[in-house]
C-alpha cells in the first residue's frame, strides 16, 4: 500500500474531529481535518487524499452533497461516513451513492481503525486496477463501471442486512 496515506476527516464538531484525527494519525498516515463539506471540497481541490471520513449532517454543505460533488469533480476515493444511531435513511443514501462503509456514533477506536484500514486497502487495489485499465477503450471502461456499480449494490444489500441485525 502507499507509504504515506492521506486521510481527510470532515466533521463539524471540533472536539470529535480532533479525536478522529488523533485516532487515525500514525507513522503511515497524514490526517487533515475540515469542518464542513465545503472545506472538504476545498481540501480535495488543493491536495490528493487516499480516503475521506465524513459526517453526514453538517452545516453549509452536508456529507451527502459533499460526496456527490466530490465524485462529480472526479475524486474516486473511498468515502466512509460517520452517522448517528437511527439515521438509517441517510446511511442508505450514502451507500447507494457509492460510499465504502459507515461508522455509527458513538464509535470505538478499533471500529474506526478497522473500517478505515479496509477502505484504504480497497482504495489502493482500485487505484492499481484503474492504472492497469488506463489503456482500455471507452466501451470496456463502461463495462468495468457497470461491474463496480453491481458490487456497490451488493454492498448496500449487505449493509441493510447488517443494519437490520441479520
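The values are calculated or read from the model by the stated rules, or taken from the named source; none is laboratory data. Quick caveat: nothing in here was measured; it's all calculated off a predicted structure. Cβ: placed from backbone, ideal geometry, glycine included. Neighbour counts: every protein chain shown.
Here's a check for you: in segment 27-41, which residue that is within 14 Å of residue 113 (Cα to Cα) and touching a helix residue (DSSP H, G or I) at 6+ places or on another chain (Cβ under 9 Å) is modelled with the highest pLDDT? Here the residue is 31. Within segment 16-58, the residues that satisfy the criterion of being touching a residue at least 60 places away in the same chain (Cβ under 8 Å) and closer than 14 Å to residue 79 by Cα are 50, 51, 53. Residue 108 falls short of the stated requirement of being under 28 Å from residue 16 (Cα atoms), surrounded by 11 or more Cβ atoms within 10 Å (Cβ to Cβ) and modelled with pLDDT of 70 or more.
Contact annotation: residue pairs with Cβ atoms under 6 Å, 6 or more positions apart or on different chains, pairing a residue in segment 79-93 that is over 22 Å from residue 51 (Cα atoms) with a partner that is at pLDDT 85 or above, are 85/104.
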